[in-house]
Amino acid sequence: MSEKAVAIGHYFVASGVYVVLGHPLYTAGAPNVDNLLRVEMEEITGGKFEWEPDPVKAADKILAHLEKKRDALHINTKKERKILDMKERREQ
């Protein structure tokens with residue numbers, strides 16, 4: 001993984017994005033930094049790094065994270081959808 005890719009990943013985590021990588025960053029040997037990037041950053045910015053070499057498990061983690069965020073926003077509820085014609089749209 002290049003330094004540029006690591007910098008881009010840090011930008012996204014700092015912006016609140018959940019980033020899943022195939023292998024740990026080079027900071028994995030420093031427990032405090034690793035804890036900051038994997039746990040504490042979620043409390044600070046909402047984003048964090050996760051390491052998962054298996055792409056199927058990585059996709060499952062991403063989907064689980066999306067569902068957690070959707071639940072927090074209360075947009076995971078199913079609602080009956082109604083198609084409105086132009087007159088009904090104007091009345092709303």
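The values are calculated or read from the model by the stated rules, or taken from the named source; none is laboratory data. Please read all numbers here as calculations on a predicted model, not as lab measurements. With ideal geometry, Cβ positions are generated from the backbone for all residues, glycine too; neighbour counts draw on all protein chains shown. Each accessible area value is taken on the protein alone, full model and side chains, heavy atoms only, with ligands, DNA and RNA left out. Shrake-Rupley method; radii C 1.70, N 1.55, O 1.52, S 1.80 Å.
Structure notes:
- The stretch 34-46 residues that are under 11 Å from Val13 (Cα atoms), paired with ones that are open to solvent by less than 70 Å² (accessible area, probe 1.4 Å) and assigned to a helix (DSSP H, G or I) (beta carbon under 8 Å, 6 or more apart): Leu37/Val13; Leu37/Thr27; Met41/Val13; Met41/Ala14; Thr45/Val13; Thr45/Ala14
- Test: residue in the stretch 9-19 that is exposed (fewer than 14 other Cβ atoms within 10 Å of the Cβ), modelled with pLDDT of 90 or more and in a helix (DSSP H, G or I): yes
- Matching residues, the stretch 20-32, being open to solvent by 60 Å² or more (accessible area, probe 1.4 Å) and either free of Cβ contacts under 8 Å to residues at least 24 places away in the same chain or farther than 21 Å from Lys57 by Cα (or both): Tyr26, Gly29, Pro31, Asn32
- Condition met for Val39 (open to solvent by less than 50 Å² (accessible area, probe 1.4 Å) and of a type in the set (Val, Ile, Thr)): no
- For the stretch 43-74, a tally of residues being open to solvent by 100 Å² or more (accessible area, probe 1.4 Å) and at positive phi returns 1.
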